[in-house]
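Trainee: Okay, here's the structure, questions in a sec.
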Amino acid sequence: MLRRALQPGLSRGVLGRGLGTHRGRSTLDQNGKVPEIKKKVQSVLPGGAWNPLHDTSYLPPEHSDVVIVGGGVIGLSVAYWLKRLEKPRGAIRVLVVERDHTYSQASTALSVGGIRQQFSVPENIQLSLFSVEFLRNINEYLAVVDDPPLDIQFNPSGYLLLASEKGAAVMESNVKVQRQEGAKVCLMSPEQLRNKFPWINTEGVALASYGMEHEGWFDPWCLLQGLRRKVQSMGVLFCHGEVTRFVSSSSHTKTTSGEEVTLRRIHEVHVKMDRSLEYQPVECALVINAAGAWSGQIAELAGVGKGPPGTLQGTKLPVELRKRYVYLWHCPQGPGLETPFVMDAGGAYFRREGLGNNYLGGCSPTEEEEPDPGNLEVDHDFFQDKVWPPLAQRVPAFETLKVRSAWAGYYDYNTFDQNGVVGPHPLVVNMYFATGFSGHGLQQAPAVGRAVAEMVLDGHFQTINLSPFLFNRFYLGEKVQEHNII
Amino acid sequence: MAAPRAPLHLVTPVWNRGTRGIRGLSRAVAPEGSQKKGRSLLQFLADRFYDVQALREYLLRKQVLKVHQKNRPFTYIKERFGPHAAGAYFILKQGGAVKFQGKEWIRSDARGHFSLDFLKFQAVPVEAVDASGCAINYQGLDSLLALKELQSLWLQRCPHVDDWCLGRLHPLANSLQELSLAGCPRISERGLASLHHLQNLRRLDISDLPAVSNPGLTRILVEEMLPSCQVLGADWAQGLPSGPEEQSRDTASPIPA
């Protein structure tokens with residue numbers, strides 16, 4: 001209609017008398033503005049060049065059912081299982097917010113990549129067994145038509161845990177639990193250990209447990225990229241930004257015993273764009289905190305832990321950053337192809353890397369020696385003082401070695417009991433946690449993703465019961481202590 | 001790095017840039033055969049319609065399920081006739097060959113039929129299994145691992161035997177003396193590292209493994225790992241420059257002043 005109005009002489013519409021009807025110049029056409037106005041109006045019409053709303057395709061959407069904070073292996077695993085278990089197909093809109101798309105500080109990319117079932121908590125063993133089954137069939141789970149299959153480069157070499165006299169009894173009971181859950185672990189005496197691995201010095205070793213199957217190490221970057229590719233093909237949206245604020249509302253209720261309780265519900269997540277002040281408020285129904293080492297900060301933003309200490313409101317999420325070093329060295333006469341992932345009784349560990357007599361290893365520092373997690377600089381003296389001596393004592397060939405390179409990464413360290421936090425928060429009702437794994441998150445990621453997705457979609461755990469890992473345990477003081485942590 | 005595996009069966013060639021619309025389709029498809037044309041058409045439609053994409057995913061899933069079906073366990077035969085008979089039945093069904101202790105090789109013919117006489121053997125152990133070219137995978141190894149007195153296992157050119165399967169062979173460590181993995185496309189040096197459990201192994205064939213990144217070095221490391229085993233396979237000098245010719249070339253070139 002407007003187009004017809006513009007055509008001179010055809011209508012008596014908006015512009016009043018037809019423009020061309022007057023002889024000579026009309027009163028409107030004082031300075032030649034009319035052709036300009038005509039051009040502008042024409043460009044507004046569909047097909048024109050002018051976009052009145054600027055391009056916002058780089059911003060996340062305004063509404064999303066689930067917002068996953070953190071795009072590492074845990075966050076992507078949750079996204080994958082949410083899209084896989086949803087009914088009907090396409091029912092749930094998922095947004096993954098990741099601050100750093102290069103994953104330069106992410107624990108996933110910097111991980112040594114080991115997977116084992118030699119834990120003492122049965123739930124940890126079940127999580128690891130499920131994840132192994134996922135990794136074995138990764139090309140069925142994460143297949144994208146027309147894309148090449150994934151090769152996660154799994155080394156089925158097993159884990160070898162060494163125990164001194166003090167730890168031998170604990171190791172035996174652990175192995176019993178592991179066998180009950182279905183892990184294939186065998187116990188070896190120092191004699192058998194020497195026969196099997198002649199390069200080990202068994203002085204001080206009372207017992208060793210060796211995983212025969214389903215243990216080893218793999219390439220975490222490949223798993224991450226495979227998950228990313230699959231999750232994008234399933235319709236999950238990615239956003240390159242940082243979560244800066246949660247907008248929530250509170251409601252007060254009384255418990256059965258008459259106490260006043262404040263429940264919070266998150267309504268919006270403010271996602272700030274990278275290197276700019278612009279932010280997008282994303283309206284959401286659920287938030288999943290999979291931010292890894294920074295989960296504690298995200299939880300504080302959501303109001304977890306704001307209250308008098310000792311109460312449920314005042315219980316913070318006890319996940320903090322801890323820095324760990326990994327060193328790569330070359331040892332020409334070192335152990336051969338059969339080298340498993342060796343974990344010494346004192347906490348030092350190493351594994352073979354490739355075919356060229358290179359080895360990766362490190363050690364967890366004690367509480368007093370914890371390095372400052374402000375940056376990812378490597379302390380080489382730590383290797384000289386804390387890593388090399390125990391390893392050289394255990395493997396005499398390591399007395400001559402040359403450090404090739406080293407890097408540092410963060411653990412999302414759970415200061416309470418060094419095991420993961422999974423499930424909803426009791427007071428902030430729509431925030432779910434999937435964090436705090438303290439160094440074994442990668443090997444449990446597929447199973448944890450499934451557990452959180454089941455919690456979100458069904459309200460309870462189905463395949464693996466992770467009730468011991470809920471948030472409540474921090475308030476109730478029930479530790480799920482693991483006796484086998486690197 | 002190791003040679004990349006061939007893409008999944010339903011992968012089609014990269015779509016050219018100059019193909020827009022239905023008319024572009026006929027120009028892009030090379031006149032090589034109706035099968036390729038059909039697959040390109042399917043890909044073209046799958047890029048545009050969710051239903052066709054779901055159909056392609058279903059077809060892919062069906063291929064995977066076919067392999068699973070081939071590797072199902074035969075629990076009835078195992079309960080009735082024992083683990084050796086069940087293992088033999090499994091291998092024969094896949095198209096391989098079995099040798100019982102003291103008997104001749106039993107093979108299935110070209111049409112997949114084989115005689116069921118071996119079911120009458122009472123607890124005669126299976127001595128050798130020839131599973132060359134069979135679609136045996138991780139699940140299917142269940143039937144093989146029950147054969148506690150297996151001495152010789154040939155897994156040549158099996159397309160689904162990978163590193164995970166090799167990690168599973170340790171229960172056969174007491175009896176296995178000969179293992180052949182020649183030509184398996186999915187086995188790499190990482191799986192070979194888990195063969196050190198097989199201490200009684202005397203002959204190991206690891207020739208022609210495309211996924212092994214450095215065949216010569218791998219063979220040396222495997223020989224070190226299994227000292228009493230004869231390792232057949234890659235020539236250890238493979239990949240090294242030939243010495244004397246290189247040196248003569250060097251002396252021939254003029255030294256820059």
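Trainee: Between B:GLN101 and A:GLU367, how many nm apart are label points set 7 Å from Cα along the C-beta direction?
Mentor: Result for the modelled spin labels: 6.0 nm.
Trainee: Something else about it: For a label point 7 angstrom out from the Cα of A:SER104 toward its Cβ, which stretches of segment A:368-394 have the backbone nitrogen within less than 12 Å?
Mentor: Label zone hits: A:376.
Trainee: So, one more: Full-extension gain between A:VAL261 and A:LYS40, please, as 0.36 nm times their residue separation minus the C-alpha to C-alpha distance.
Mentor: On the way: separation 221, 0.36 × 221 = 79.56 nm, distance 5.89 nm.
Residue separation times 0.36 nm, minus the Cα-Cα distance, leaves 73.7 nm.
Trainee: Need one number: convex hull volume per residue for the protein assembly as shown, Cα atoms only, in Å³. Could the numbers behind the result be given before it?
Mentor: Details: hull volume 229.7 nm³, N = 743.
It comes to 309 Å³ per residue, whole-number rounded.
Trainee: What ranking do A:VAL326, A:VAL66, A:VAL41 get, fewest neighbouring Cβ atoms within 10 angstrom at the top?
Mentor: If I rank by nearby Cβ atoms, fewest first, I get A:VAL41, A:VAL326, A:VAL66.
Trainee: If you don't mind, another one. Just to confirm the filter: which GluC sites (Glu not before Pro) across segment A:258-345 are DSSP coil and have at most 13 other Cβ within 10 angstrom of their Cβ?
Mentor: Answer by residue number: A:GLU259, A:GLU278.
Trainee: Also, I was wondering about something else. What full-extension length gain, to one decimal in nm, is calculated for A:GLU165 and A:GLU283 as 0.36 nm per residue of separation minus the Cα-Cα distance? Don't skip to the answer; put the middle values down first.
Mentor: Numbers: separation 118, 0.36 × 118 = 42.48 nm, distance 5.68 nm.
Stretched fully, the A:GLU165-A:GLU283 segment lengthens by 36.8 nm.
Trainee: Mind jotting down a quarter of the surface of the convex hull over the alpha carbons of segment A:255-298, in square nanometres, one decimal?
Mentor: Across all orientations, segment A:255-298 yields a mean hull projection of 5.1 nm².
Trainee: In whole Hz, with x marking every Gly and Pro, tabulate ³J(HN,Hα) for segment A:472-480 from phi via Karplus 6.51 cos²θ - 1.76 cosθ + 1.60, θ = phi - 60°.
Mentor: So the J values, rounded to whole Hz, are 3, 5, 5, 7, 7, x, 8, 7, 9.
Trainee: Here is a further query. Within a Cβ distance under 15 Å of B:ILE77, other residues only, what is the Lys/Arg minus Asp/Glu net charge?
Mentor: That works out to +2.
Trainee: Note the angle between two axes, namely the Cα long axis of helix A:441-458 and the longest principal axis of the Cα atoms of chain A, as a number of degrees from 0 to 90, rounded to the nearest 10.
Mentor: 50 degrees
Trainee: Based only on Cα atoms, what mean projected area does the convex hull of segment A:247-399 have, in nm²?
Mentor: For segment A:247-399, the mean projected area of the Cα convex hull comes to 15.1 nm².
Trainee: Using alpha carbons only, how many degrees (0 to 90, rounded to 10) separate the axis of helix A:33-44 from the longest principal axis of chain A?
Mentor: Its long axis makes an angle of about 40 degrees.
Trainee: At a Förster distance of 35 Å, what's the computed FRET efficiency of B:ALA173 paired with A:ASN375, Cβ-Cβ distance as r, to 0.05?
Mentor: Efficiency, from the Cβ-Cβ distance: 0.15.
Trainee: Additional query: Hey, if you drop one equal point scatterer on each alpha-carbon of segment B:65-232 and run the Debye formula without solvent, what base-10 log of I(q)/I(0) do you get at q = 0.14, 0.15, 0.21 Å⁻¹?
Mentor: -0.69, -0.78, -1.43
Trainee: Now for a different question. Starting from the Cα of A:THR244, step 7 Å toward the Cβ, then list every residue of segment A:91-117 with an amide N under 15 Å from that point.
Mentor: A:99
Trainee: Could I ask something else about it? If the chain between A:ASN137 and A:LYS254 were fully stretched, how many nm would it gain, using 0.36 nm times the residue separation less the Cα-Cα distance?
Mentor: The A:ASN137-A:LYS254 span can extend by a further 37.3 nm.
Trainee: Could you pull out the longest piece of chain A with no exposed loop chymotrypsin sites (Phe, Trp or Tyr not before Pro) in it, calling a site exposed if DSSP puts it outside H, G, I, E, B and it has at most 13 other Cβ atoms within 10 Å?
Mentor: Numbers: sites that count: A:TRP50, A:TYR58.
That would be A:59-486.
Trainee: Send over the semi-axes of segment A:159-211's equivalent ellipsoid, whole angstrom and largest first, taken as the square roots of 5 times the C-alpha gyration tensor eigenvalues.
Mentor: Over the Cα atoms of segment A:159-211, the ellipsoid semi-axes are 19, 13, 7 Å.
Trainee: For segment A:202-216, in order, what is each residue's ³J(HN,Hα) by Karplus, 6.51 cos²θ - 1.76 cosθ + 1.60 with θ = phi - 60°, in whole Hz (x at glycine and Pro)?
Mentor: 3J(HN,Hα) across segment A:202-216, in whole Hz: 8, 5, x, 9, 9, 8, 9, 10, 10, x, 8, 9, 6, 10, x.
Trainee: Right, another one. Assuming R0 = 51 Å, what is the FRET efficiency of A:CYS186 and B:LEU45, from their Cβ-Cβ distance, to the nearest 0.05?
Mentor: That pair, A:CYS186 with B:LEU45, gives E of 0.45.
Trainee: For A:ARG229 and B:GLN69, what does the FRET efficiency come to when R0 = 30 Å and r is the distance between their Cβ atoms, rounded to the nearest 0.05?
Mentor: That gives a FRET efficiency of 0.60.
Trainee: Further question on the same structure: Report, in degrees rounded to the nearest 10, the 0 to 90 angle that the Cα long axis of helix A:73-85 makes with the longest principal axis of chain A.
Mentor: Taking the Cα atoms of chain A, the angle to A:73-85 is about 70 degrees.
Trainee: Can I ask one more? Label-point separation (nm) for B:LYS93 and B:ARG111, each offset 7 Å from Cα along Cα-to-Cβ?
Mentor: Modelled inter-label distance: 2.0 nm.
Trainee: I've got another one for you. Please compute, over every Cα-Cα pair in segment A:323-411, the percentage with a separation greater than 16 angstrom.
Mentor: 50 percent
Read-outs: derived from the displayed coordinates by stated rules, not from any lab. Fair warning: this is a prediction, and the values are worked out from it, not measured in the lab. When we count neighbours, we look across all protein chains shown, and the Cβ atoms used for this are built from the backbone with ideal geometry, even at glycine.
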